[in-house]
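Heads up: the structure comes next, in structure tokens.
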Amino acid sequence: MPLLAALLALPLALVVLTQPAVSTHAQTVKAGAKAGDDAERARMEALIRDYLLANPEIIPEAMSRLQEREVTRTLDSNRAEIETPFPGAEIGNPKGDVTVVEFFDFQCPYCKSSHNDAEMLARNDGNVRYVFRDLPVLDRGGEPISMRSALAALAAARQGKYLALRKALFDLPGRPSQERLVQAIRAAGLDEARLARDMEDPALKQALDANIALAQNIGVTGTPTFIIGNQLFAGGVGIEGLSQAVNIERARRNQR
């Protein structure tokens, strides 16, 4: 029995004795593979570096493509909030196939010049929905006329006269002021007592703060800024630029 037991135990002993050798071999193979991978990676990095140095013009293009992807991702993830206006702060076709969103400030001279472009686009293209997002960011000390004008516009929306006050404010000559704001309120035919009460409603200030936070989140850095599909334009682009961007977005959607 002792001999039989020894013979039965022999295979197990062989496995135990040979295991370190097998592990050492595997480790050697693994180390060799890693060294090969490192060498191949280094070779590829050298090739890429040499190619970029020989063709530096592709770097701006690559960066532009990367930026476009980031913008698209950001806009898509905030699409519903971007394209949902404060009630009444829109023109055009509510069911249009392309939505134009404009972030603007009543003190911005380029926004003033873009006012007629917005109306013209909505009038010429019956399938465009145009959303206005008040972005009062130009107050720099003194009278907070950007914020007051934006609050007045949202308060006017509660009387169904957002567009009337917006037009009156932009049609007045010169830079906005408290006096001109009062003139515009009267020109728009608003109930002044109700407007004054609504302007004190914290909900309106919260809506404007939400616009500012949204603008910061999606990379809007100034006014006017236009968002059309996955296209973002900063500064006045004119009626031709807006129309072209709408057509590009419409063509992109039709290709889906």
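The values are calculated or read from the model by the stated rules, or taken from the named source; none is laboratory data. As the structure is a computational prediction, the values presented were derived from the model and not from experiment. Glycine also receives a Cβ, built like all others from the backbone with ideal geometry; neighbour counts cover every protein chain displayed. In case anyone asks, the SASA skips ligands and DNA or RNA and just uses the protein heavy atoms, side chains included. Shrake-Rupley method; radii C 1.70, N 1.55, O 1.52, S 1.80 Å.
Given the criterion under 30 Å from Asn247 (Cβ atoms) and of a type in the set (Asp, Glu), identify the matching residue among Asp209, Asp191, Asp171, Asp198.
Asp171
Arg140 is checked against (1) open to solvent by 20 Å² or more (accessible area, probe 1.4 Å); (2) modelled with pLDDT of 85 or more; (3) within 29 Å of Ala203 (Cβ to Cβ); (4) charged (D, E, K, R) and fails just one. What number does that condition carry?
It fails just one condition, (2).
Looking only at helices (runs of 4 or more DSSP H) that lie completely in segment 150-256, which have at least 1 residues being within 24 Å of Arg79 (Cα to Cα)?
The helices (runs of 4 or more DSSP H) meeting that bar are 162-171, 202-218, 238-254.
Which one is nearest to Arg148 (Cα to Cα) among residues in segment 179-211 that are within 34 Å of the chain's Cα centre (by Cα) and among the small types (Gly, Ala, Ser)?
Top of the filtered list is Ala196.
Working only within segment 216-256, note down all residues that are among the hydrophobic types (A, V, I, L, M, F, W, C), closer than 13 Å to Leu135 by Cα and at pLDDT below 95.
Correct list: Val220 only.
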